[in-house]
């Protein structure tokens, strides 16, 4: 049986108070000072809650996990801005240095762990909730819970109702991470990302290299949708490619495509229209660069849509 999990992260008080005062920011970056570890605790769509430090020790809000990435502070600020829970990049960098117990000068740009949480809701001060069961004082980052465990199920059922602000039928014995709304609430749909987190996870999954050219210069790299949102696509990692800006344009206009085996296709129209593209024709048929995790690679559904609807065969 699939396990439904939740994660309770210990929040920086400044981060929490800053974001609680800005309810319009519904997708946030719950950053971790060190980017050394990959976060694989939750599946997309599972609940993520924020708990304050002792002695306050209260759950003050929550949302739904989207994905994670390891980013430089400059990248996190570019993608999320105030949703990083700080008024400026400099202040964010200072806080990170304080937790890392090392100075971070004006030119420092350390890599941090970024956990993206969507549909965030912070509770009113009089509605915060006592810490969950078995949450030890010495836990400094967070703790995961199996919501089918009878000792936790009732607590988290109430917490989820508060987070969603409505009564929703919940069954913790069934998996949540699947397509579409689950138990009548669209916030439990898994792979949907915000625009900022889409850019971040695509950049990280492709190791900051263009999937077609191998270019490793972040300022010219763009997170491209295989099927655009305007055409029914979604902000999802498996609907994304990291492409150099000019390659992105050629892909969107149908001069380039990829087949279901991830091989590059180059339209004959590229040469016919521009008398150019020899380097790309030389690469035709080669497998593009791909994320390490199979589930992160482009979906066959989106690839075939692009070939059928956009690629100029």
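The values are calculated or read from the model by the stated rules, or taken from the named source; none is laboratory data. What you see is a predicted model; the values in this text were computed from it and never measured. Glycine also receives a Cβ, built like all others from the backbone with ideal geometry; neighbour counts cover every protein chain displayed.
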TODO: Could you figure out which of (1) at pLDDT below 95; (2) part of a strand (DSSP E or B) isn't true of residue 59?
DONE: (1)
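Within segment 84-103, is there a residue that is under 28 Å from residue 292 (Cα atoms) and either surrounded by fewer than 21 Cβ atoms within 10 Å (Cβ to Cβ) or in the same structural domain as residue 237 (by TED's automatic domain parsing) (or both)?
For segment 84-103, residues under 28 Å from residue 292 (Cα atoms) and either surrounded by fewer than 21 Cβ atoms within 10 Å (Cβ to Cβ) or in the same structural domain as residue 237 (by TED's automatic domain parsing) (or both): absent.
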- [ ] Tell me, please, whether a residue that is assigned to a strand (DSSP E or B), surrounded by 14 or more Cβ atoms within 10 Å (Cβ to Cβ) and under 21 Å from the mean Cα position of the chain (by Cα) can be found in segment 127-142.
- [x] yes
Task: Pair list, Cβ under 9 Å, 6 or more apart: segment 225-240 residue over 20 Å from residue 206 (Cα atoms), other residue at pLDDT below 95 - done: 229/195; 229/235
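Yes/no matrix, rows are residues, columns are (1) in the same structural domain as residue 297 (by TED's automatic domain parsing); (2) part of a loop (DSSP other than H, G, I, E, B); (3) at pLDDT 95 or above:
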{"site": "196", "(1), (2), (3)": "no, no, no"}
{"site": "219", "(1), (2), (3)": "yes, no, no"}
{"site": "223", "(1), (2), (3)": "yes, no, yes"}
{"site": "234", "(1), (2), (3)": "yes, yes, no"}
{"site": "243", "(1), (2), (3)": "yes, no, yes"}
{"site": "248", "(1), (2), (3)": "yes, no, yes"}
{"site": "254", "(1), (2), (3)": "yes, yes, yes"}
{"site": "257", "(1), (2), (3)": "yes, no, yes"}
- [ ] Sort through 204, 273, 308 and tell me the only one that's in a helix (DSSP H, G or I) and within 21 Å of the chain's Cα centre (by Cα).
- [x] 204
Open item on the list: Going residue by residue through segment 290-298, is there one that turns out to be outside any loop (DSSP other than H, G, I, E, B), without any contact (Cβ under 8 Å) to a residue 40 or more places away in the chain and over 24 Å from the mean Cα position of the chain (by Cα)?
Closed with: no
Task: Residue satisfying condition, being within 15 Å of the chain's Cα centre (by Cα), in a strand (DSSP E or B), in contact (Cβ under 8 Å) with a residue 40 or more places away in the chain and within 19 Å of residue 145 (Cβ to Cβ), within set 64, 49, 39 - done: 64
- [ ] Might you let me know whether segment 164-184 holds any residue that is surrounded by fewer than 13 Cβ atoms within 10 Å (Cβ to Cβ), closer than 30 Å to residue 311 by Cβ and at pLDDT 90 or above?
- [x] no
TODO: Kindly establish whether residue 64 is modelled with pLDDT under 95 and assigned by TED's automatic domain parsing to the domain that holds residue 153.
DONE: yes
